[in-house]
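The values are calculated or read from the model by the stated rules, or taken from the named source; none is laboratory data. Everything numeric in this text was worked out from a predicted model, so none of it was measured. Positions of Cβ are generated from backbone atoms using ideal geometry, with glycine treated the same way; all protein chains shown enter the neighbour counts.
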């Protein structure tokens, strides 16, 4: 299966807030075909996070030759899932993404896994996939086992799939290629971005300690400064090895550019990453 390039809209959040439709046109002009939206207002907005009618969005995307391949939904536990599913059916999206989880004990990880199974089963019954997206905290260990491994082992493979964020895996002290192999067919989406050589140490747990409390409220360290990110191909992450492993396994469908922050203009940033990935995938 050939890997296709996608874009997580969070990468151009400022541009989208200024001109939603115009930014979509510029994204299409760069060459992107596959779009993953980011709805951080799902408690009141059951769509793409910009209060856009589903039929209108579908029509505009079709005109630009764009396809919706995923929808980040937050807070997933405070939204009307039925309405979210209805919206995504109209726009042609089948991947609903839980974007984050926080845990302070193994029991919390196990409870979270049970919740993912319940949500995932409902999604599956409606022709949707529930996908979990990692950050760095899933690589914290409880009883000598990483939280992400506990989630993988305690969720039903038919109900819960994964979107591996390779940058955050590395920042959590893990090898993303190891997790590509571990997840196998459960990993259909891969997030990719660059890590500057100036970031030291790379492993966040070397800064905050393995026993740090990470609960979504307590922030042991600032991790999302613009200088902690760079465009694909300009940092120290071995992009070719990650892509090579994904191609070898042959299960992931999309390599999704997600530039959390950038010192560049957002549109310039995603164009650099697009051009780099296009060359690597030739």
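Please pick out the residue among 109, 84 that is closer than 17 Å to residue 216 by Cβ, assigned to a helix (DSSP H, G or I) and in contact with a strand residue (DSSP E or B) (Cβ under 7 Å, 6 or more places away or on another chain).
Details: 84 fails: closer than 17 Å to residue 216 by Cβ.
Matching residue, one of 109, 84: 109.
When you check residue 234 against the structure, is it touching a strand residue (DSSP E or B) at 6+ places or on another chain (Cβ under 6 Å), more than 19 Å from residue 152 (Cβ to Cβ) and assigned to a loop (DSSP other than H, G, I, E, B), yes or no? Show your work before the answer.
Values: touching a strand residue (DSSP E or B) at 6+ places or on another chain (Cβ under 6 Å): yes; more than 19 Å from residue 152 (Cβ to Cβ): yes; assigned to a loop (DSSP other than H, G, I, E, B): yes.
For residue 234, the condition - touching a strand residue (DSSP E or B) at 6+ places or on another chain (Cβ under 6 Å), more than 19 Å from residue 152 (Cβ to Cβ) and assigned to a loop (DSSP other than H, G, I, E, B) - is met.
Let me spell it out: the conditions are (1) part of a strand (DSSP E or B); (2) modelled with pLDDT of 95 or more, and residue 188 meets all of them except one. Which number is the exception?
The one condition residue 188 does not meet is (2).
Could you look through segment 126-183, keep only residues that are in a strand (DSSP E or B) and out of contact with any helix residue (DSSP H, G or I) (no Cβ under 8 Å at 6 or more places or on another chain), and pick out the one that is surrounded by the fewest Cβ atoms within 10 Å (Cβ to Cβ)? Outline the logic, then answer.
Residues of segment 126-183 in a strand (DSSP E or B): 129-133, 141-142, 145-146, 160-165.
If we keep only those that are out of contact with any helix residue (DSSP H, G or I) (no Cβ under 8 Å at 6 or more places or on another chain) as well, we get 131, 133, 163, 165.
Details: 131: 25, 133: 23, 163: 26, 165: 27.
Ranking the candidates gives 133 first.
Under 20 Å from residue 132 (Cα atoms), within 19 Å of the chain's Cα centre (by Cα), surrounded by fewer than 17 Cβ atoms within 10 Å (Cβ to Cβ) and touching a residue at least 24 places away in the same chain (Cβ under 8 Å) - does that describe any residue in segment 206-218?
The answer is yes; a qualifying residue exists.
The rows are residues; the columns are (1) farther than 22 Å from residue 274 by Cα; (2) surrounded by 21 or more Cβ atoms within 10 Å (Cβ to Cβ).
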position: 22; (1), (2): no, no
position: 45; (1), (2): yes, no
position: 53; (1), (2): yes, no
position: 67; (1), (2): no, no
position: 70; (1), (2): no, yes
position: 83; (1), (2): yes, no
position: 96; (1), (2): yes, yes
position: 109; (1), (2): yes, yes
position: 115; (1), (2): yes, no
